Amino acid sequence: MLSYRDKVEIMKKTREVLKGENFFIIDDLTQSDLQEKRKWAKQAQELYLAGTKLRFFAGKWRQAGGTSYVFQ
């Protein structure tokens, strides 16, 4: 894809088409991104339960507004 926005738009449309089928679409991560996501997944879950919502985007955990979150 030439841009991330194009990728997201295609994924959204494909999910709509495949709704109810035995298929699913996920965002593919690089090996290093997957390791980073897994490394902090438990802490991110605990923060979520405490009211802090994070998401993993562009190789980093991010908080509201897209700023990087640094785990302690």
Here the qualifying pairs (Cβ atoms under 7 Å; residues six or more apart or on different chains; first in region 18-38 and touching a residue at least 24 places away in the same chain (Cβ under 8 Å) and basic (K, R); second loosely packed, with under 10 Cβ neighbours inside 10 Å and not in a loop (DSSP other than H, G, I, E, B)) come out as none
Among residues of region 46-59 being hydrophobic (A, V, I, L, M, F, W, C) and in a loop (DSSP other than H, G, I, E, B), the residue farthest from the chain's Cα centre (by Cα) is A50
In region 14-56, anything of a type in the set (F, W, Y) and open to solvent by 60 Å² or more (accessible area, probe 1.4 Å) is listed as F23, F24, Y48
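Just to verify a result, which residue in region 4-13, among those that are surrounded by 10 or more Cβ atoms within 10 Å (Cβ to Cβ) and among the charged types (D, E, K, R), is farthest from S68 (Cα to Cα)? Show your work before the answer.
Within region 4-13, the subset surrounded by 10 or more Cβ atoms within 10 Å (Cβ to Cβ) is 4, 6-13.
Next, only the ones that are among the charged types (D, E, K, R) stay: 6-7, 9, 12-13.
Values: D6: 23, K7: 22, E9: 24, K12: 25, K13: 28 Å.
The extreme case among them is K13.
Per-residue answers, yes or no, for (1) out of contact with any helix residue (DSSP H, G or I) (no Cβ under 8 Å at 6 or more places or on another chain); (2) assigned to a helix (DSSP H, G or I):
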position	(1), (2)
M1	no, no
E16	yes, yes
G20	yes, no
W40	yes, yes
A44	yes, yes
W61	no, no
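The values are calculated or read from the model by the stated rules, or taken from the named source; none is laboratory data. It should be emphasised that the depicted structure is a prediction, and the values quoted were computed from it without experimental measurement. All Cβ positions, even for glycine, are placed from backbone atoms using ideal geometry, and neighbour counts span all protein chains on display. Just the protein is used for accessible areas: all its heavy atoms, side chains included, with ligands, DNA and RNA removed. Shrake-Rupley method; radii C 1.70, N 1.55, O 1.52, S 1.80 Å.
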